[in-house]
Amino acid sequence: MSECTSEAHLYRKTYVLNLIDNLNLAYLDRQALCKQYNKKKSSLNVATYIISGLTITLATCSAGVLFTIVGAPLAGGLAIATSICGAASIITTVISKKTNIKIKRHYAILDLTNQTITTINQLVSKSLDDDCITDDEMKSITDVYKNYRDKLSMLRNISIIEEDSTTIPLIR
């Protein structure tokens, strides 16, 4: 019985096909996450623009009303509303920065997954030309996948550090 018709070969072939399927699923999941976070980013941008515009409008109205003696009590209420909108603007800005970090991470992982799929497919197509996955070819494929897992872990850790450094500044 040759090496290519043995149970070991069938195991290797099944393993590689499952590996490719898992990478393709990871790629599709990551694409969906990118789309979801892009929608979130768009919504956050709209909210930030609205809140910033409202803050500027309230501050201008507050200053204008303050110049009239009769409107002084109203100016206090407008100042409080301006402060609330300012705080909301800071919060949406921080959330937007964290979202941008996540978007960059998802696209980096999407690229990494795509490169890994391409590399493994090239290795598999070479080894399946003769319908045989040798030990060396299998080692090359598993090394590519191990490299993918290591880079994936590194990308996730870098992203967590960046997210932790983006905090809401203290207002004193």
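Just so you know, all these numbers are worked out from the coordinates, no wet-lab data involved. Owing to the predicted nature of the structure, the values given are computational and were not obtained by experimental measurement. All Cβ positions, even for glycine, are placed from backbone atoms using ideal geometry, and neighbour counts span all protein chains on display.
Going 7 Å from the Cα of ASN24 in the Cα-to-Cβ direction, what parts of the range 109-128 have a backbone nitrogen less than 20 Å from that spot? What the label zone holds, given the 20 Å backbone N cut-off, is 110-128.
Comparing mean-square fluctuations of ALA87, ALA72, ALA26 from a GNM of the chain with C-alpha springs under 10 Å, the top value falls on ALA72. The mean sequence separation of alpha-carbon pairs under 8 Å and at least six residues apart, normalised by the residue count of the chain, gives a relative contact order of 31 percent.
Dipole of the chain computed with +1 at Lys/Arg Cβ and -1 at Asp/Glu Cβ about the Cα centre; of LEU33, SER43, VAL124, farthest Cα towards the positive end is SER43. In a simple Cβ point-charge model (Lys, Arg +1; Asp, Glu -1; nothing else charged), the range 70-153 has a dipole of about 880 debye relative to its Cα centre. Computed from the C-beta positions of ARG156 and ALA79 and an R0 of 45 Å, the FRET efficiency is 0.55 to the nearest 0.05. GNM on the chain, alpha-carbon springs under 10 angstrom: the most fluctuating residue among TYR148, TYR49, TYR107 is TYR49.
In units of the rule-of-thumb radius 2.2 N^0.38 Å, the chain shows an alpha carbon radius of gyration of 1.76. Legend: calculated FRET efficiency, TYR15 to VAL46, from the Cβ-Cβ distance at R0 = 35 Å, rounded to 0.05, equals 0.15.
By how many nm would the segment from ASN114 to THR142 lengthen if fully extended, with 0.36 nm per residue of separation less the alpha-carbon distance? Kindly include the intermediate steps, with their values, before the conclusion.
Values: separation 28, 0.36 × 28 = 10.08 nm, distance 1.60 nm.
Here the answer is 8.5 nm.
Basic side chains Lys and Arg get +1 at the Cβ, acidic Asp and Glu get -1 at the Cβ, and with that the dipole of the chain about its Cα centre reaches some 1180 debye.
Structure remark: mean-square fluctuation, Gaussian network model of the chain, C-alpha springs under 10 Å; the largest value among TYR37, TYR145, TYR15 belongs to TYR15.
Listed cross-link partners LYS35/LYS146; LYS39/LYS98; LYS104/LYS146; LYS13/LYS151; LYS104/LYS139; LYS41/LYS104 are compared with a 20 Å cut-off, the Cα-Cα value being larger for LYS35/LYS146; LYS104/LYS146; LYS13/LYS151; LYS104/LYS139.
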